[in-house]
Amino acid sequence: MLERGDLSDIIGLVYDAALDQAAWPTLLGRLAGLFNSHFADSFRRTQDYSAFGGVPFGLDIADYDDVFLGFWVKRNVWGTRRPVVRAGDVVSTRQMTPVADLLRSEMYNEYLAARGLHEGLRLDIWAGEGWIEDISLLRPWSAGAFTDGEIGLARDLMPHLQRAAEMSRRLRRAEALAECGLAALEQVATAFLLLDRFGRLIHANASACSLLAEQDGLSVTAAGLAAATQPITSRLRALVDGACGRPADKAVAGAIRLSRPSGRPPLALVALPLRQGQSLPGPGWGDVPSVLVCVTDPASGARPPQAQLIALFGLTQAEAALAGDLLDGHELRDIAQASGRSINTVRSQLATLMAKTDTGRQSELVRLLARLPGSAGHAGDKAVHA
C-alpha cells in the first residue's frame, strides 16, 4: 500500500476527475490500489433513491449497472442500516452493520460473497440539495478490516475530494446554463451573434446563420464582421470595438443600419457589451463571449406563431392569420382581396381582434404584436393573403 507521502499523483487525479468525468475509472483504480481493495465506485443518489448512478472499478459494467444498481442498490444491507449521511464522514461497513448481521443478509449470500465484496469503507463526500455523493471501497475478508491508518488516510484525502466535488458541481451548473442559453437563442427569429473581445465570431444562432449565408449586408471574414461596403464595414467594426471596450477601457453599446446590395430594407444591428472593459482573468479566455450582436431583418417576415397568438388571446385561426398579416404591413383591403372575403368581414374580424387583445386602435394592435417574441421555427406561418 502506498504511503501518505506518495499521494500527490492521486490528488492530481482527484482534480482531473472534477474537470473530466472520463478520468474517474483511473482515479477509482488508484484509490482501490491505495486501500488494498479490488472494487471502488463513485456513487450519486437522491436521498430517497428515486434517482441514482455510479462509476465502478473492479466489476463488469453490466454486472454493476444491471445487477447491483438494477436490483440491489435499494436493498443495500449497508446503506439501509446507516441512512443519515454527514459530509466528511469516513465509515467502515463494520460500523454500519455487524459482521454477523451481514453474513445472514440476503444481499451478502446472493451477491456480495461470490464477488469478494466483504470489507468496505465509505467516504461521504457531499450531501445537499436532496443529493448524496460518496466513494465506496470493498475488499475480501482475507484483506482484513480497514485499519485506523487507512481510515486516517481516507480522511486526509477527504478535503481534496470535497473541493473537487464542489468544482465539478459548479462546472456542471455553468455548462447547463450555457447550454440552456444557447438553446434559447435558437428559438427566436432575431439573429444573435456572440463575439469574443477581439470581435471574432464565437457562436451564431440559426437565424444568424441563415442571414450570414445570404451575404446581403452582413458577412463574416477572418478580420471580423463585414458590411456591404468598406466605409460601412469600418463603422461597424468601430462599433464592435466600442462594445468590446476598445480603445477606452469602458465598453459601450452601439447601433448601426446596414444597407443591402439586394435593395431590401437595411438591417438594424445593435452591439451590446457582455463584459465591461477588455481585461480578463488570465490567459485562455480569448474565446469568452464579450459582445452580443442583435440583427433585425425587416424583410424576414418573422412573427409570433399563430398557435402562440391563439393561446395568448383566445383568437380563432382566421383572427391569428389576420394578426400576422397586419404585422407584415398589409392593408385591410389587400387582405380581403387576397383571401376572397369582403372588406366588411375583415373589418369585423379586426374589431374582434382588438377587443380580444384590449387594444383600441389598429396601430396599437400592431405595436402589441411587434413586441411579442417571434419564433425561428414559426417565422414562416402561412398568411391568409398568400
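The values are calculated or read from the model by the stated rules, or taken from the named source; none is laboratory data. Quick caveat: nothing in here was measured; it's all calculated off a predicted structure. Positions of Cβ are backbone-derived with ideal geometry, glycine not excepted, and every protein chain shown enters the neighbour counts.
Looking at LEU28, LEU103, which one is modelled with pLDDT of 95 or more and crowded, with 16+ Cβ neighbours inside 10 Å?
Matching residue, one of LEU28, LEU103: LEU28.
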_Positions within the range 187-224 being of a type in the set (A, V, I, L, M), within 23 Å of GLY242 (Cβ to Cβ) and surrounded by fewer than 15 Cβ atoms within 10 Å (Cβ to Cβ), in sequence order_ = ILE202, ALA222, ALA223
*Looking for whichever is surrounded by 13 or more Cβ atoms within 10 Å (Cβ to Cβ) and among the acidic types (Asp, Glu) here; the options are ASP9, ASP48, ASP65, ASP20. Which one fits?*
ASP65
*Here are some residues: LEU138, LEU117, LEU121. Which one is part of a loop (DSSP other than H, G, I, E, B), buried (at least 17 other Cβ atoms within 10 Å of the Cβ) and in contact (Cβ under 8 Å) with a residue 24 or more places away in the chain?*
LEU117
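Condition first: surrounded by fewer than 15 Cβ atoms within 10 Å (Cβ to Cβ) and in a helix (DSSP H, G or I). Now tell me which residues in the range 68-83 satisfy that.
GLY70, PHE71, LYS74, ARG75
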*Please go through the range 185-212 and pick out each residue that is out of contact with any Ser or Thr (no Cβ under 9 Å at 6 or more places or on another chain) and of a type in the set (Lys, Arg).*
ARG200
*Inside the range 187-205, can you point out the residues that are within 16 Å of PRO289 (Cα to Cα) and part of a loop (DSSP other than H, G, I, E, B)?*
ASP196, ARG197, PHE198, GLY199, ARG200, ASN205
*Scan SER42, SER37 and give me the residue that is assigned to a strand (DSSP E or B) and at pLDDT 95 or above.*
SER42
*asked:* Checking ILE132 against (1) more than 23 Å from GLY58 (Cβ to Cβ); (2) buried (at least 16 other Cβ atoms within 10 Å of the Cβ); (3) in contact with a Ser or Thr (Cβ under 9 Å, 6 or more places away or on another chain), only one condition comes out false. Which one?
replied: (1)
_Residue identified as assigned to a helix (DSSP H, G or I) and surrounded by 13 or more Cβ atoms within 10 Å (Cβ to Cβ) among ALA165, ALA184_ = ALA165
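Taking into account only those residues within the range 306-328 that are of a type in the set (D, E, K, R) and assigned to a helix (DSSP H, G or I), which is farthest from THR359 (Cα to Cα)?
ASP325
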*Please find, within the range 141-161, the residue that is nearest to SER8 (Cα to Cα) out of those that are in a helix (DSSP H, G or I) and aliphatic (A, V, I, L, M).*
LEU157
*Would you check if there is a residue in the range 312-325 being loosely packed, with under 13 Cβ neighbours inside 10 Å, at positive phi and at pLDDT 90 or above?*
yes
